[in-house]
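The values are calculated or read from the model by the stated rules, or taken from the named source; none is laboratory data. This structure is a prediction, so every number in the text was calculated from the model and none was measured. Glycine gets a Cβ as well: all are built from the backbone with ideal geometry, and neighbour counts include every protein chain shown. The area values use the complete protein model at the heavy-atom level, side chains included, leaving out ligands, DNA and RNA. Shrake-Rupley method; radii C 1.70, N 1.55, O 1.52, S 1.80 Å.
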Amino acid sequence: MPVRVMTSPVVPGLTDHELEALLAAGAEAGADAASWIMLRLPREVSELWQEWLADHYPDRAEKVMSVMRDLHGGAIYDSRWHQRQSGQGAWAHLLRQRFDSACRSAGLAGRASLALDTGGFVPPGPHGQVRLRGAV
């Protein structure tokens, strides 16, 4: 059974320095592949996150939020598919390169390299949910 390391959320200037060590530890623990998602700050989450960041990391808050805006074309968040997961621009490109390099070093397959095995999928019957094995 494939096992994937999900490195998320990656916070530029706060947690991104852990990326390589996390992927190496995942590979050592038996993972086959890895994925990552950039910090996402939709709607109300953004304000809460920025308050938390300012309280806990006042020396880094401005830099982190500046990079978040760079990742999303000047906005703190971009809800478009693929943009919201990884961003765009130089920071996103650099992080993708680091992620890919760390995966290669750790012997992990990257984000899209494992095919989804749908062989065990059984569509629900006419009455909805399929009964689980041994369920009463």
Inset, instruction - Would you check if residue 10 is in contact (Cβ under 8 Å) with a residue 12 or more places away in the chain, more than 23 Å from residue 94 (Cα to Cα), of a type outside the set (Gly, Ala, Ser) and touching an Asp or Glu at 6+ places or on another chain (Cβ under 9 Å)? - result: no
Inset, instruction - Name every residue in the stretch 47-79 that is within 13 Å of residue 91 (Cβ to Cβ) and open to solvent by 80 Å² or more (accessible area, probe 1.4 Å), in order of residue number. - result: 63, 69, 70
Inset, instruction - Only residues that are in contact (Cβ under 8 Å) with a residue 24 or more places away in the chain and over 21 Å from the mean Cα position of the chain (by Cα): list them for the stretch 41-59, please. - result: 57
Inset, instruction - Sort out which residues of the stretch 50-106 are in contact with an Asp or Glu (Cβ under 6 Å, 6 or more places away or on another chain) and closer than 13 Å to residue 13 by Cβ, and write them in order of number. - result: 91
Legend entry - Matching option when the condition is in a helix (DSSP H, G or I) and modelled with pLDDT of 90 or more, among 44, 51: 51
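Do we have residue 105 as open to solvent by less than 20 Å² (accessible area, probe 1.4 Å), hydroxyl-bearing (Ser, Thr, Tyr) and not in a loop (DSSP other than H, G, I, E, B) here?
It is false that residue 105 is open to solvent by less than 20 Å² (accessible area, probe 1.4 Å), hydroxyl-bearing (Ser, Thr, Tyr) and not in a loop (DSSP other than H, G, I, E, B).
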Legend entry - Qualifying residues in the stretch 1-39 (those that are at pLDDT below 90 and open to solvent by 60 Å² or more (accessible area, probe 1.4 Å)) - the one nearest to residue 71 (Cα to Cα): 4
